[in-house]
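Comments concern the structure below.
The values are calculated or read from the model by the stated rules, or taken from the named source; none is laboratory data. Small disclaimer: the values here were computed from a predicted structure and weren't measured. Counting neighbours? That spans all protein chains shown, and the Cβs are built from the backbone with ideal geometry, glycine included. Heavy atoms of the whole protein, side chains included, go into the accessibility calculation; ligands, DNA and RNA do not. Shrake-Rupley method; radii C 1.70, N 1.55, O 1.52, S 1.80 Å.
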Amino acid sequence: KEIIGEGWDIHPQHIYVASEDGRALTEYESRRPPNWKIYSSGPTFDEPGRAPTSNAQANEGQDGLEAMAALLIALEADRYVLTTQSNWSRLINELRKSIIHPRCGECTRMIDVAPGEW
C-alpha cells in the first residue's frame with residue numbers, strides 16, 4: 001500500500017522487485033493483490049553468501065544474460081521495491097529517475113527496503 005498510494009487495490013500496478021533472494025520474490029508474489037503484476041528477473045541465489053560471480057564460468061554467462069534481461073524488464077514497471085545499498089538497485093533506480101520517471105509524467109514510485117527486509 002505504501003508504494004502505490006491511492007488506488008493500490010483497484011488500478012493495475014506494475015511493480016519491479018529487485019532481489020537475488022528467491023524466498024523474497026515468492027513472498028511478494030504470494031501476497032500481491034490480483035491487480036498487481038510483479039516483475040523481477042536475473043539470477044536468484046538461495047544459498048546464503050553465494051555471490052552472483054561465483055558461477056559465471058560454470059553457467060557460461062547465463063547469469064549475465066539474465067541480468068541484461070532484468071534491465072529491460074525493469075523498464076516495464078512504474079513502482080519499484082529496491083535496496084539502494086545494492087549496486088544493482090542503485091542502477092535500476094538511476095534508470096527509473098532518468099528515463100522512466102520523466103517520460104511518464106513523474107508517475108513512478110520507489111520504496112527502499114533494508115537487506116533482508118521483505
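Among the residues of segment 79-90, those identified as surrounded by 13 or more Cβ atoms within 10 Å (Cβ to Cβ) and under 14 Å from GLU20 (Cβ atoms) are VAL81, LEU82, THR83, SER86, TRP88, SER89. The residue of segment 97-118 that is least open to solvent (accessible area, probe 1.4 Å), among those that are in a loop (DSSP other than H, G, I, E, B) and under 11 Å from VAL17 (Cα atoms), is VAL113. Considering the conditions (1) modelled with pLDDT under 80; (2) open to solvent by 60 Å² or more (accessible area, probe 1.4 Å), ASP21 is excluded by exactly one of them, (2). Checked against the criterion of being part of a helix (DSSP H, G or I), open to solvent by 80 Å² or more (accessible area, probe 1.4 Å) and on the phi < 0 side of the Ramachandran plot, the candidates GLU76, GLU94, GLU66 yield just one match: GLU94.
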